[in-house]
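Single-structure report; data block below.
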Amino acid sequence: MRACVVGGLKIIDRGEADDKIIAVLEGDYVWGAARELEDLPGALLERLEHYFSTYKLVPGEPPKISVVGRYGYADAAAVIGASIDDYREMFSSQS
């Protein structure tokens with residue numbers, strides 16, 4: 001499937017960065033025209049933040065995940081590029 005990156009969520013999971021990239025399906029009838037995070041409704045972004053801040057909760061334990069910000073396409077593209085570089089660095093020497 002083809003998707004268009006519009007932004008991301010800056011997330012800290014157990015003290016480490018765990019950003020989530022937000023994208024929309026290319027040609028989607030509802031969200032397909034979105035090109036930046038602010039093109040999406042605030043309620044949808046709040047729902048995503050709620051999901052990612054609660055999906056690993058363990059009863060009786062304090063939360064270990066926090067959503068600390070949002071960013072648009074340019075920052076998301078930089079995060080993706082850095083991830084690709086990290087992947088290449090990690091696996092290029094294992095041939």
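What FRET efficiency, computed as 1/(1 + (r/R0)^6) with R0 = 41 Å and r the Cβ-Cβ distance, is obtained for Ala43 and Ile84, rounded to the nearest 0.05?
Result of the calculation: an efficiency of 0.80.
Enumerate the calculated ³J(HN,Hα) couplings along the stretch 40-46 in order (Karplus 6.51 cos²θ - 1.76 cosθ + 1.60, θ = phi - 60°), each rounded to whole Hz, writing x wherever the residue is Gly or Pro.
Couplings: 9, x, x, 5, 5, 5, 4 Hz.
Can you list the equivalent-ellipsoid semi-axes of the chain, largest first and in whole Å, using the square root of 5 times each Cα gyration tensor eigenvalue?
23, 23, 11
Considering the chain as a Gaussian network with a 10 Å cut-off on Cα pairs, which listed residue, Glu16, Glu36, Glu26, attains the greatest mean-square fluctuation?
Largest GNM mean-square fluctuation: Glu16.
May I ask you to give the solvent-accessible area per residue for the chain, in square angstrom, as obtained with a 1.4 angstrom probe?
72 Å²
So, taking all protein chains as they sit and a 1.4 Å probe, how much accessible area belongs to Asp75, in Å² rounded to tens?
The accessible area of Asp75 comes to roughly 90 Å².
For the chain, build the charge dipole from Cβ charges (+1 Lys, Arg; -1 Asp, Glu) around the Cα centre, then report which of Leu48, Val6, Ala76 sits farthest towards its positive end.
Leu48
Explain nothing, just compute: Karplus ³J(HN,Hα) = 6.51 cos²θ - 1.76 cosθ + 1.60, θ = phi - 60°, for every residue of the stretch 3-8 in order, whole Hz, x for Gly and Pro.
Coupling constants for the stretch 3-8: 9, 10, 5, 10, x, x Hz.
How large a share of the accessible area of the chain, in percent, is made up of carbon and sulfur atoms when the probe is 1.4 Å and the other protein chains stay in place?
55 percent
Under 5 Å between amide H atoms, partner at least 5 residues away or on a different chain: which partners does Asp19 have, H built in plane at 1.01 Å?
The list, which skips near neighbours in sequence, is Ile11.
How long is the gain from Leu57 to Ile12 if the chain were fully straight, where each residue apart is worth 0.36 nm and the alpha carbon distance is subtracted?
14.8 nm
The values are calculated or read from the model by the stated rules, or taken from the named source; none is laboratory data. In this text, all values refer to a predicted model and were calculated from it rather than measured experimentally. Positions of Cβ are generated from backbone atoms using ideal geometry, with glycine treated the same way; all protein chains shown enter the neighbour counts. Side chains are part of the model used for accessible areas, which takes the heavy atoms of the whole protein and leaves out ligands, DNA and RNA. Shrake-Rupley method; radii C 1.70, N 1.55, O 1.52, S 1.80 Å.
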